[in-house]
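Comments concern the structure below.
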Amino acid sequence: MKTLNLHCDYIKFKGLKKALGKVDEIAPDQELEGSSKECLVVMIAVESNDSLGSVEELVKNVKDIAKQVGVKNIVLYPYAHLSKDLGKPELAVEILGKADKKLSKGFKVTSAPFGYYKEFELKVKGHPLSELSREIVDGGNVKIIKGTEVKDLEPAEIKKLLNSISKSVLDKSKLKDNDHRIIGQKMDLWSFNEVAPGMVFWHDKGLFIRNKLMELWREMHRKAGYEEISTPQIMDRKLWEISGHWSKYSENNFKSEYEGRDFLIKPMNCPGGMLVYKNSPKSYKDLPLRVGELGNVHRVELSGVLAGLFRVIQFTQDDAHIFCTEKQLIDELGKVIDLVFDFVKQFDLKLDHIELSTRPAKRIGSDKIWDLAENSLEEVLKKKKIKYTVNKGDGAFYGPKIDFHLKDSLGRTWQTGTLQLDMALPERFELSYIDEKGKEERPIMLHRTIYGSLERFMGIITENYNGKFPLWLSPNQIKVLTLNDGVEDYAKEVYDKLFEAGFRVELDARNESMGKKAREAQIQRFNYLVTVGDNEKKSGKIAVKVRDGKEIETMDLDSFIEKLKVDIKERK
Ligand SMILES: [Zn+2]
């Protein structure tokens, strides 16, 4: 038996003409016309291998789906087109009749006529569970044919699937040598696979860099008076309807469902942050409140437009929200700009210019607030003597914004962070605080990102450094090389000490030429090459060469460790 289950707003049907000559004989007194609302329409084709034993499974299935979508009304709709192997009409009528009777114990059941050409009109709801087709096999073996097929594959089938998950092959022909995709592959930082388009598989070394960026972020934000939170990855549709993401960015959202409820995989951190704000009453004493999240977000992009880390589907957005009073606004804007400057300095990047986007024709919020927001932004930029351009009318409908454009050492500019005033979300989520006079007020809300997307930022700095990361950020800090045979023990001793001291260190004690080993270490962009030979073993010292340096310096291991520890602490 095949069934197609449709969760509908309504269905209207009418039997027009007999499709079976003997229909009055086998199914007398049928209602030819009918309708139902807020119902589960079960379209059914009884097949040749069905028997009365199929009724039980059919009823179980229908109840199960009806419960999942939460309906009280069921429409049994004979629909021959679902199968090329139809059962005898007498059997079909009997099965449908028995199913009707059994289901009537818990539901209002409407049956469409059997053996008639029918016209029908229905409206299917749009949620992920609204259409489900199933195959019901006599004997109680239920197989879902649409959606997830529940069966274990044969070894040959598994092998075939495995082969189809091709390893992503990077076409380097059109890429420059310093392209982060090439560097990432050479240094074994990350990879991509078509099973997860636009999502990064972080390897140990790439993840090290990412973790260091997060450490820096956490440290600087804690010092700047921010709290850090983390909100769930998927949340109920209700939340996104309040925030406006469900309808407005519908085509960019990944959806899911659970227990008959629609969920959205978060494309932004903000709505979750709103709930954290609302979790307890706020007073003017709590403001300014600065709350950040390094949240993992997903946005649908066509897989063809993905380009390494520069355009990804899954990324980490370092959003933070600042809730403040009108009086605190200028101060807060200034502090965000200072924070951006401090960050940029860490990466050999320069702030090139800032773009200020002002009120568009279609907008919400009073002119008074827009004046305040735009004037405050301009005032801060002028006070700080920052070069900026104005994009008149380019602001979002809910507030003006500034975008930060960075310049790298190759002279390229990148837009990374943003700072945006939001008049919509506090309104939609009814955020409030109690002011000095005990009156309820709406806080002013800012969104701001510094890295923007952590993944994209990593792509930018990887190219800017050409993979030669500063020591604190480098996944390949020290390579210990043996110069000749017989020093392996000493080399291991040096390696162990460096490892114990917490450095990212590797040992190459292979019986290869020094030239080859050094070249490989160079491709891996190690910050330091530490060579040990007979001389070093005898004197208990090490020979150190700085990346890209020509000089080799002999020093003792302890002072080398001390120097590097200081460099890392100072993020050099
Ligand atoms: Zn936000």
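A few remarks follow.
- Cα gyration tensor category, rounded, prolate or oblate, for the chain with a/c compared to 1.5: oblate
- Gain in span if fully extended, Glu215 to Leu16, counting 0.36 nm per residue against the direct Cα distance: 64.5 nm
- Inter-probe distance in nm under a simple model that places probes 7 Å from Cα toward Cβ, at Gln30 and Glu493: 9.4
- Summary of packing: across the peptides 220-230, 465-475, the per-residue average of other C-beta atoms within 10 Å ranks them, highest first, as 465-475, 220-230.
- Applying the Karplus relation 6.51 cos²θ - 1.76 cosθ + 1.60 with θ = phi - 60° to the stretch 415-429 yields 3J(HN,Hα) values of 8, 10, x, 9, 9, 9, 8, 10, 9, 8, 4, x, 5, 5, 8 Hz, where x marks Gly and Pro.
- The fewest-to-most ranking of Trp240, Trp217 by surrounding Cβ atoms within 10 Å reads Trp217, Trp240.
- Rounded to the nearest 10 degrees, the inclination of helix 557-569 to the longest alpha-carbon principal axis of the chain is 50 degrees.
- Cα long-axis angle, helix 204-223 against the chain (0 to 90 degrees, to the nearest 10): 80
- Using equal-weight Cα scatterers in the Debye expression, the normalised intensity of the stretch 164-247 in log10 at q = 0.13, 0.23 Å⁻¹ is -0.74, -1.06.
- In degrees, nearest ten, helix 155-164 long axis to first principal axis of the chain (Cα): 60
- With 5 Å bins from 0: P(r) over the stretch 471-569, alpha-carbon pairs, percent: 3, 14, 27, 29, 20, 7, 1, 0
- Peptide ranges 442-453, 335-346, 380-391 listed from the most packed, as the mean C-beta count within 10 angstrom indicates: 442-453, 335-346, 380-391
- CD proxy at 222 nm, helix term only [per DSSP H run n ≥ 4: -39500 (n - 2.57); per residue of the chain; nearest 500]: -9500 deg cm²/dmol
- The spacing between the stretch 189-263 and the stretch 280-321, judged by their C-alpha centroids, is 7 Å.
- J(HN,Hα) series, the stretch 76-87, from Karplus relation 6.51 cos²θ - 1.76 cosθ + 1.60, nearest Hz, glycine and proline x: 8, 10, x, 9, 5, 5, 6, 9, 9, 10, 6, x
- Cα gyration tensor shape of the stretch 2-144, rounded if a/c is under 1.5, else prolate or oblate by comparing a/b with b/c: oblate
Just so you know, all these numbers are worked out from the coordinates, no wet-lab data involved. Quick caveat, the model's predicted, so the values are computed rather than measured. A quick note on method: Cβ atoms are made from the backbone with ideal geometry, for glycine too, and the neighbour counts reach across all protein chains shown.
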